[in-house]
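Chemist: To start, I am sharing the structure in question, which I have written as structure tokens.
The values are calculated or read from the model by the stated rules, or taken from the named source; none is laboratory data. Bear in mind the structure is a predicted one, so any value in this text is a computation, not a measurement. For neighbour counting, all protein chains shown are included, and Cβ atoms are generated from backbone atoms with ideal geometry for every residue, glycine included. These area figures cover heavy atoms from the full protein model, side chains too; ligands, DNA and RNA do not enter into them. Shrake-Rupley method; radii C 1.70, N 1.55, O 1.52, S 1.80 Å.
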Amino acid sequence: MHLRLALGLVALAGCQFGPSGSYVVDPPERAVFSVHEASGGPLTAVPFERVTITDPFWAERIETNRTATVKACLDKCDETGRIRNFAVCATLCPGEHQGYLYNDSDVYKVLEGVAYTLASRPESALEARADAIIDQIVAAQQPDGYLNTYWTLVEPGKRWTNIRHGHELYCAGHMIEGAIAYFHATGKRKWLDCAIRFADHIDATFGPGKKLDATGHEELELALVKLFHETDERRYLSLAQFFLDQRGSSEGRTPFGEYAQDHEPIREQREVVGHAVRAMYLYCAMADVAGITGDPGLWTALDAIWHDVVDRKMYVTGGIGPSASNEGFTVPYDLPNDTAYCETCAAIGMALWNQRMFLATGDAKYADIVERELYNGFLSGVSLDGTKFFYDNPLASKGQHERVPWFDCSCCPSNVVRFLPAIGERIYATRGDVLFVSQYIGSRAEVELGGRAVKVTLESGFPWQGDGSVRFSMSEPSEFEVRLRWPDWATGFASVDVEIAAGTERIEPQDVRHEIVDGFLSLRRTWRPGDRLRFVFPVMPRLVAQDERVASTTNRRALRVGPLVYCAEGVDNDGHVRDFVVAREDHAFASAQVMWWTGADMAEDVRLDSAPAGLPATTRAFVLPGTRVVLRDGERASEPAKLTVVPYFLWANRGKNEMAVWLPIVPELAELPGEGDVVRQAGAAVKASHCWQNDTPAALNDGRPGANSADESLPRLTFWDHRGTNEWVEYEFDAPRRLEKGSVQWFDDTGRGSCRVPASWRLTYWSGDAWAPVEPTNGTEFGVKKDVFNHVTFTPIEAQRVRLEIVQQEKFSSGILEWRVE
């Protein structure tokens, strides 16, 4: 027998009775405050080894990781010589070093994934295989503790001479993380002792009065903090602090610049810059150290940087780092879709950083980001069968993208294999007698609340449904507080009720104290063994708009359903999705000046009754009403249509095909099949005879010229890999314009690539039946100078279409940073 306590009986501002009598609560306002102002002190994560995943959604993926991904990554490390490098280094076999200088890190990360896998499900054969690899790693360690196969085999006399790009410290960090995880999973210290010897060598080499470098690729700093917690040896924490403090310092060293977040001292940094993965690992370490020391300068910097990333530089999927050229960040609101880089490792790093921010503060806004990454930015990086991977994760595709089994630089697969099985440590956290449920992933956990052991069983319908329950089991009734995260997407009412195990004592409503705290619904009472807390958050399909300063999503909408972002794939829509225009609701998105603006709920009947062919049967897909733009008698016309959309993380599991997350709401932005390289924007369509897949025609008129012609930090259009050919770019305006001058800034990567200024160029316009050249005036020429704008004036014309036609140098390609006509 159970007694049900209706929380609607207790007064709380912003709450209403639900139709079932359960307590119904308005969504909380997300507080805006500095991270170091959070009350209550830091949280302690419940470690992965004390959590068993039972969630239908995630258990299947973790099992696939165990049976397929771990094996695939170990096999690839074997096939590519990554593992053998250690044996060669240890003189256990003859040979030479194979692969990149950072390949050791892939082996360490895969072994870390093995450790998490063994912790959840022991497997003697897998453990034996890992032990054999670890034997080779330990044998490769030098007498002084140094361990790196590349620098030992290839450049043995140049240890620590190329900190900026050498990745020795980066590899060491991943080794330390892997060794700690393996010790926790198996109890075996061999690798951990090896890692400690290497850490001691680094400590003897770097620091005040020694080498003064910061790390080139951040990672070691956070690993040293982990080693400090593992050994209680404060030297490792001090060394982590030293490496952090050296960033931006020019005393006794040359800073590495913005690419490595080494342009100014970390406490003075307020914006995210440079390489995305490096940045995320740096912020992880800053949060770790600040959580221990309480350093207010670190918290101030972290808070400002977090808002810069989330408010101005993050995709709706949680992806970060739009640029392929630096694998990282550019300027605020630069979020192109087709060329979005969004490295899988960066999504993992974003989740790791935000998990640390959550643990430092108990604020749900950080756990919201972790959730966004888990279901979208991260999960798209691995195929359903667990054997193929994306390095970059664009938000639109013309059909050229597909996951592959491995990369020459395989940081992403080896990161996936370690991140996924450790997901259990991101579900629960504690602070005294308070239990935080931050991710709704079905699981069983053993926690300690106020000195009392409590077994927690979480059941969840996420991500497809927003319902679930938390059950408690302990030896005797205990008072403690439970905090349930209120997801940022749950904008409607939520219901919560408490199911009390039957007993002789009368239960009064006032026995449950509750409030909204930092984005969590907080409930405190004396819980009995078997008590259950049920929750329902509304999961409704909603169209969202983005900040109007993001040019790539102007007049476009994306579908979000609960924690999932959706996309359209050609395989479900007769091969094409970029010609579709979604029905719009203008009133819901007026003057959007926030990163994502949520519109009204859509009707429930937009959901499909069954999953699209080739996807798991549990998949929830939807159909959006709208129109398709077609050519009719040579003119663009619209006809009624419907578009099937599926979760973004599932795209490209059924082969190469078109894909789009952001769907136009105006027909001018629709792209017809066969149009080639075209970007439709407000006021004009930008077309090109050819555009390299990592570039975009949209760069031509984005208002962002380069500092020079070799500026790779900005979007650009290149005609690579066309060499020595004639090419063109075109503006097609919505209406004829009077034009009389033009200018172009060329892209030229001499010394790094094969793009050069063109041999010659000219401007032409569509006269009605042919392309006619403009007539230059005042003796102006079509210049091909680097680093500057090449200007030309011409006899005024009235034209709706204008082209820049170029002749490329023989054997070379060319590119454009900016092209203006007026």
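Chemist: Taking Pro715 as the residue in question, decide whether it is in contact with an Asp or Glu (Cβ under 9 Å, 6 or more places away or on another chain) and either of a type in the set (A, V, I, L, M, F, W, C) or open to solvent by 30 Å² or more (accessible area, probe 1.4 Å) (or both).
Modeler: The answer is no for Pro715.
Chemist: Could you tell me which numbered condition Arg820 fails, if it satisfies all but one of (1) open to solvent by 70 Å² or more (accessible area, probe 1.4 Å); (2) assigned to a loop (DSSP other than H, G, I, E, B); (3) closer than 24 Å to Thr339 by Cβ?
Modeler: (2)
Chemist: Something else about it: In the stretch 82-117, which residues are under 29 Å from the mean Cα position of the chain (by Cα) and open to solvent by 10 Å² or more (accessible area, probe 1.4 Å)?
Modeler: Scanning the stretch 82-117 gives Ile83, Gly99, Tyr100, Leu101, Tyr102, Tyr116.
Chemist: How many residues are farther than 10 Å from Tyr391 by Cβ, open to solvent by less than 10 Å² (accessible area, probe 1.4 Å) and of a type outside the set (S, T, N, Q) if we restrict to the stretch 404-419?
Modeler: 3
Chemist: Quick one: would you say Leu739 is under 19 Å from Trp720 (Cα atoms), open to solvent by less than 70 Å² (accessible area, probe 1.4 Å), touching a residue at least 60 places away in the same chain (Cβ under 8 Å) and not basic (Lys, Arg)?
Modeler: No: the conditions fail for Leu739.
Chemist: Kindly indicate the residue of the stretch 35-46 that is open to solvent by 40 Å² or more (accessible area, probe 1.4 Å) and part of a loop (DSSP other than H, G, I, E, B) and also modelled with the lowest pLDDT among those meeting that condition.
Modeler: The residue in question is Ser39.
Chemist: If I filter the stretch 376-389 down to residues being more than 16 Å from Val646 (Cβ to Cβ) and assigned to a loop (DSSP other than H, G, I, E, B), which single residue comes out as least open to solvent (accessible area, probe 1.4 Å)?
Modeler: Result: Gly386.
Chemist: For the stretch 340-368, give me the residue count where each residue is open to solvent by 20 Å² or more (accessible area, probe 1.4 Å) and not in a helix (DSSP H, G or I).
Modeler: Here the count works out to 1.
Chemist: I would also like to ask the following. Which residue, of Glu268, Glu218, Glu230, is of a type in the set (Asp, Glu) and either in contact with a Ser or Thr (Cβ under 9 Å, 6 or more places away or on another chain) or crowded, with 18+ Cβ neighbours inside 10 Å (or both)?
Modeler: Glu218
Chemist: Same structure, new question: Among the numbered conditions (1) free of Cβ contacts under 8 Å to residues at least 40 places away in the same chain; (2) of a type outside the set (D, E, K, R); (3) open to solvent by less than 30 Å² (accessible area, probe 1.4 Å); (4) within 18 Å of Arg820 (Cα to Cα), tell me where Ser709 comes up short.
Modeler: Every condition holds for Ser709 apart from (1).
Chemist: Test Arg121 against the stated conditions and say whether it is among the basic types (Lys, Arg), surrounded by fewer than 24 Cβ atoms within 10 Å (Cβ to Cβ) and within 25 Å of Leu237 (Cβ to Cβ).
Modeler: no
Chemist: Would you please name the residue that is nearest to Trp527 (Cα to Cα), looking only at residues in the stretch 396-435 that are assigned to a loop (DSSP other than H, G, I, E, B) and in contact with a Leu (Cβ under 8 Å, 6 or more places away or on another chain)?
Modeler: The extreme case among them is Asp433.
Chemist: Checking Phe228 against (1) farther than 23 Å from Ala140 by Cα; (2) aromatic (Phe, Trp, Tyr); (3) touching a Gly at 6+ places or on another chain (Cβ under 9 Å), which single condition isn't satisfied?
Modeler: Going through the list (1) farther than 23 Å from Ala140 by Cα; (2) aromatic (Phe, Trp, Tyr); (3) touching a Gly at 6+ places or on another chain (Cβ under 9 Å), Phe228 breaks only (3).
Chemist: A further question follows. Quick one: is Arg549 basic (Lys, Arg) and open to solvent by 30 Å² or more (accessible area, probe 1.4 Å)?
Modeler: In short, yes.
Chemist: Might you let me know whether the stretch 294-317 holds any residue that is modelled with pLDDT under 95, open to solvent by 10 Å² or more (accessible area, probe 1.4 Å) and either over 30 Å from Val70 (Cβ atoms) or in a helix (DSSP H, G or I) (or both)?
Modeler: Yes, some residue in the stretch 294-317 is modelled with pLDDT under 95, open to solvent by 10 Å² or more (accessible area, probe 1.4 Å) and either over 30 Å from Val70 (Cβ atoms) or in a helix (DSSP H, G or I) (or both).
Chemist: On to the next question. Restricting to the stretch 556-568, count the residues that are in contact with a strand residue (DSSP E or B) (Cβ under 6 Å, 6 or more places away or on another chain) and more than 15 Å from Leu608 (Cα to Cα).
Modeler: Adding up the residues that qualify gives 5.
Chemist: When you scan the stretch 274-285, do you find a residue that is farther than 28 Å from Gly424 by Cβ and open to solvent by less than 60 Å² (accessible area, probe 1.4 Å), even just one?
Modeler: Yes, there is a match, as at least one residue in the stretch 274-285 is farther than 28 Å from Gly424 by Cβ and open to solvent by less than 60 Å² (accessible area, probe 1.4 Å).
Chemist: While we're looking at this one, here's another question. Could you tell me which of the residues Ala652, Ala670, Ala641 is touching a residue at least 40 places away in the same chain (Cβ under 8 Å), touching a Gly at 6+ places or on another chain (Cβ under 9 Å) and buried (at least 17 other Cβ atoms within 10 Å of the Cβ)?
Modeler: Criteria check complete, one pass: Ala641.
Okay, residues lined up against (1) open to solvent by 10 Å² or more (accessible area, probe 1.4 Å); (2) within 15 Å of Lys211 (Cβ to Cβ); (3) over 30 Å from the mean Cα position of the chain (by Cα):
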site: Asp135; (1), (2), (3): yes, no, yes
site: Val138; (1), (2), (3): yes, no, yes
site: Asn148; (1), (2), (3): no, no, no
site: Thr161; (1), (2), (3): yes, yes, yes
site: Cys171; (1), (2), (3): no, no, no
site: His184; (1), (2), (3): yes, no, no
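Chemist: On to the next question. Any residue at all in the stretch 790-803 that's open to solvent by 20 Å² or more (accessible area, probe 1.4 Å), of a type in the set (Phe, Trp, Tyr) and either outside any strand (DSSP E or B) or at negative phi (or both)?
Modeler: no
Chemist: For Asp787, work out the one condition from (1) open to solvent by 60 Å² or more (accessible area, probe 1.4 Å); (2) touching a helix residue (DSSP H, G or I) at 6+ places or on another chain (Cβ under 9 Å); (3) not hydroxyl-bearing (Ser, Thr, Tyr) it doesn't fulfil.
Modeler: Only one criterion in (1) open to solvent by 60 Å² or more (accessible area, probe 1.4 Å); (2) touching a helix residue (DSSP H, G or I) at 6+ places or on another chain (Cβ under 9 Å); (3) not hydroxyl-bearing (Ser, Thr, Tyr) is unmet by Asp787, namely (2).
Chemist: A follow-up question, please. Which of (1) of a type outside the set (A, V, I, L, M, F, W, C); (2) at pLDDT below 95; (3) open to solvent by less than 10 Å² (accessible area, probe 1.4 Å) does Gln439 not meet, given it meets every other one?
Modeler: Failed condition: (2).
Chemist: OK, next. Kindly establish whether Ala611 is surrounded by 13 or more Cβ atoms within 10 Å (Cβ to Cβ), farther than 14 Å from Arg542 by Cβ, of a type in the set (Gly, Ala, Ser) and modelled with pLDDT under 95.
Modeler: Answer is yes for this residue.
Chemist: Quick one: Arg723 ticks every box in (1) among the charged types (D, E, K, R); (2) outside any loop (DSSP other than H, G, I, E, B); (3) open to solvent by 10 Å² or more (accessible area, probe 1.4 Å) except a single one, so which number is it?
Modeler: (2)
Chemist: If the requirement is being at pLDDT below 50, basic (Lys, Arg) and open to solvent by 40 Å² or more (accessible area, probe 1.4 Å), which of these qualifies: Arg30, Arg66, Arg50?
Modeler: Just a single option satisfies the conditions, and that option is Arg30.
Chemist: Could you list, in sequence order, the residues of the stretch 753-771 that are at pLDDT 95 or above, under 13 Å from Ile797 (Cβ atoms) and open to solvent by less than 60 Å² (accessible area, probe 1.4 Å)?
Modeler: Leu763, Thr764, Tyr765
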